Amino acid sequence: MSLFLQALLTSIIVWIGFLDKAFLHTFFYRPIVIGPMVGLVFGDLGTGLEVGAAVELMFLAVIFVGTAIPPDETVSAGLAAALACATGSVEVGIATALPISFVGQIFRQTRNSTIYEFTQRQVDKAAAEANPKKVVLWTSIIPSIFEYLFFGLPVFVGVYFGASYVQSFIDFIPSWLIDGIAAGTGLLGAVGVALLLGSVKDKSSWPYFIVGFIFASYLGVNMIGVALVAIVCVAMNYYGDKKKMDADTVENVDEEARSYSVVTKKDLWRTFRYALAIESGNSTTRQEADGFLQGMIPVLDKVYEDKDERAEAYQRHCELFLTEGRMASFCIGISCAMEERNAKVGDIDVDSINSIKVALMGPLAGVGDSLIHGTLRPIMAGLACSMAAASNYTSAIGPILFLVVMTVVGMTVRYLGIFKGYEGGLALVSNLQQGGMLDRLTKYAGIAAFTVCGGFISSLVYVTLNVSYTQGETVVALQEVLDGLMPNLIPLLYTLLMYYLIDKKKANIILLMVFTICLGILGVLAGIL
């Protein structure tokens with residue numbers, strides 16, 4: 001395959017990753033998926049897997065919270081994997097990943113504050129006209145084109161024109177630097193695991209970290225087994241919890257409320273599809289407002305026969321909206337029910353519709369960010385990385401499992417949000433907040449996260465000391481002595497150090513990554529690693 005075609009396909013993969021961020025959110029955009037996809041384009045799955053896993057670990061528990069834009073993992077993984085495959089150097093690919101992520105961050109900030117501010121104004125005009133086609137055009141279609149221009153095209157240029165320059169640079173790099181980067185990369189997993197530990201709200205579950213560590217390091221249980229152990233630990237706590245589940249059932253809306261209903265399941269399925277664009281075209285000032293309005297289109301067009309009333313409803317949903325993208329579907333479902341009631345019965349203060357949205361943004365963001373992005377996604381991504389490493393980077397089963405699980409979970413949450421939100425979501429969210437369910441979910445998430453993190457030490461953090469000493473006539477390797485005392489002792493200690501620096505000292509994550517790479521280089525120079 002020609003370099004031109006490889007560069008083009010790589011740029012399309014990255015583009016699809018950004019479209020996934022904006023629409024489906026199957027987590028295709030994560031490095032553990034992007035890396036092997038690019039590897040397949042270059043006919044080198046192993047290198048793609050290795051780079052994808054390394055970059056994934058760099059951003060394992062980095063969460064997009066509020067309006068903050070972290071360094072971009074998608075551009076980083078795509079370009080780093082391509083350069084690694086093109087030059088045959090995994091280490092150089094990984095070394096370029098971090099600076100590339102900052103370029104992606106700048107591009108995203110520029111996109112949101114310029115182009116998407118312009119498209120937002122066009123959506124405002126379309127809403128004033130109650131024109132659904134123009135809303136879709138400026139919310140989904142136009143932003144999709146700009147996603148390629150901002151991210152796909154630079155990746156194409158970087159791969160097509162940059163590979164030869166990178167190869168020339170590699171020829172001048174001394175072997176000790178390459179080996180040092182490799183050694184530092186082995187320790188980078190400690191930063192990712194420490195980030196995940198720091199994101200767990202319920203610190204009382206820390207003993208489960210030891211449980212996971214013992215099963216993985218002493219008993220040799222692989223990460224699938226450790227995940228099963230985590231499930232057992234959660235189940236034991238669930239059945240041992242004497243408190244009753246206050247949110248087991250949710251009352252449906254009363255029969256009188258159903259008498260005026262004109263919204264059908266077909267309408268709700270259209271709402272489900274339209275609402276997939278919740279994170280498309282997000283501007284700095286309005287965030288998810290455009291995607292929210294697009295999600296409301298099928299119901300608003302159905303319940304409001306008068307065009308002026310419909311236009312007013314369109315404009316109501318152009319206000320600032322920001323919560324976790326999957327959980328936003330609950331707000332859409334609830335808003336659909338309220339808009340229908342307002343249109344057919346007229347006993348709802350229209351200001352209360354946006355008030356309910358605003359009131360739910362925080363709680364839903366807390367649930368979605370902590371459970372989906374802060375717990376499930378890092379656990380599944382770490383599991384995928386460990387499976388890739390266990391196969392010696394020959395099998396893509398781990399990334400496939402990650403993609404399937406995250407897709408199923410994301411789509412299920414969206415389905416429940418639209419359909420259950422419409423049927424009686426206010427009661428559901430109220431019970432989630434007040435009935436104790438959220439506290440229990442947080443507790444169970446912490447148990448699972450700590451257990452799996454303990455297992456990650458043996459599979460995602462690795463270092464081998466190249467130090468020996470003479471005892472009598474026998475040469476003793478220090479690494480063997482440490483393994484005899486406690487397997488994976490140094491990875492454990494380094495992970496705990498990173499956790500202390502992140503959680504207690506609020507150290508900059510990027511600086512810790514750079515420090516870890518430099519530590520590997522110094523270790524190789526000193527002959528320790």
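The values are calculated or read from the model by the stated rules, or taken from the named source; none is laboratory data. Everything quoted here is computed from the prediction, not taken from an experiment. Note that we place each Cβ from the backbone using ideal geometry, even for glycine, and neighbour counts take in every protein chain shown. Please note that ligands, DNA and RNA were not included when accessible areas were found on the heavy atoms of the full protein model with its side chains. Shrake-Rupley method; radii C 1.70, N 1.55, O 1.52, S 1.80 Å.
Observations on the model:
- Expressed as a whole percent, the accessible surface of segment 360-505 that belongs to carbon and sulfur atoms is 64, based on a 1.4 Å probe.
- Per residue, the accessible area of the chain comes to 42 Å² when a 1.4 Å probe rolls over the protein heavy atoms.
- Residue 350/residue 149 FRET efficiency (R0 41 Å; Cβ-Cβ; nearest 0.05): 0.60
- Net lengthening on full extension, residue 202/residue 470 (0.36 nm per residue, minus Cα-Cα): 91.8 nm
- Environment charge at residue 325 (Cβ cut-off 14 Å; Lys +1, Arg +1, Asp -1, Glu -1): -2
- Across the options 19, 332, 54, the greatest Cα extent toward the positive end of the charge dipole of the chain (unit charges at beta carbon of Lys, Arg, Asp, Glu) belongs to 332.
- Chain lengthening between residue 222 and residue 125 when straightened (0.36 nm per residue, less Cα-Cα): 29.3 nm
- Other-chain or far-sequence residues with amide H under 5 Å of residue 476's (modelled H): 469, 470, 471
- The residue 397 and residue 284 beta-carbon pair, evaluated with R₀ = 41 Å, returns a calculated FRET efficiency of approximately 0.55.
- Comparing 445, 140, 110 along the charge dipole axis of the chain, the residue lying farthest to the positive side is 445, per the Cβ-charge model.
- Over segment 467-529, the fraction of Cα-Cα pairs per 5 Å bin, rounded to whole percents and listed from the shortest bin up, is 4, 15, 16, 20, 18, 13, 7, 4, 2, 1.
- Three-way shape call for segment 301-384 based on the alpha-carbon gyration tensor, with the a/c threshold at 1.5: prolate
- Look at the Cα gyration tensor of the chain: its axes a ≥ b ≥ c give a/c of at least 1.5 with a/b at or below b/c, and that counts as oblate.
- Database remark: amide H of residue 529 closer than 5 angstrom to the amide H of 466, 524 (H placed geometrically; neighbours at sequence offset of 5 or more, or on other chains; Pro and chain starts carry no H).
- Accessible carbon and sulfur surface of segment 250-349 relative to its total accessible area, %, 1.4 Å: 46 percent
- Shape category assigned to segment 128-201 from the gyration tensor of Cα positions, a/c cut at 1.5: oblate
- Summing Lys and Arg as +1 and Asp and Glu as -1 over all other residues whose Cβ lies under 14 Å from the Cβ of residue 389 gives a net charge of -2.
- Near residue 524: Cβ cut-off under 14 Å, other residues only, Lys/Arg at +1 and Asp/Glu at -1. The net charge is -2.
- Over segment 1-133, all Cα pairs binned in 5 Å intervals from 0 give whole-percent P(r) values of 2, 11, 18, 21, 17, 11, 8, 5, 4, 2, 1, 0, listed from short to long.
- In terms of distances greater than 30 angstrom between alpha carbons, the cross-link table entries 443/505; 21/504; 201/266; 21/344 yield 21/504; 201/266; 21/344.
- Think of it as helices only: each DSSP H run of n ≥ 4 in the chain is worth -39500 (n - 2.57), and spread over all residues that comes to -22500 deg cm²/dmol at 222 nm.
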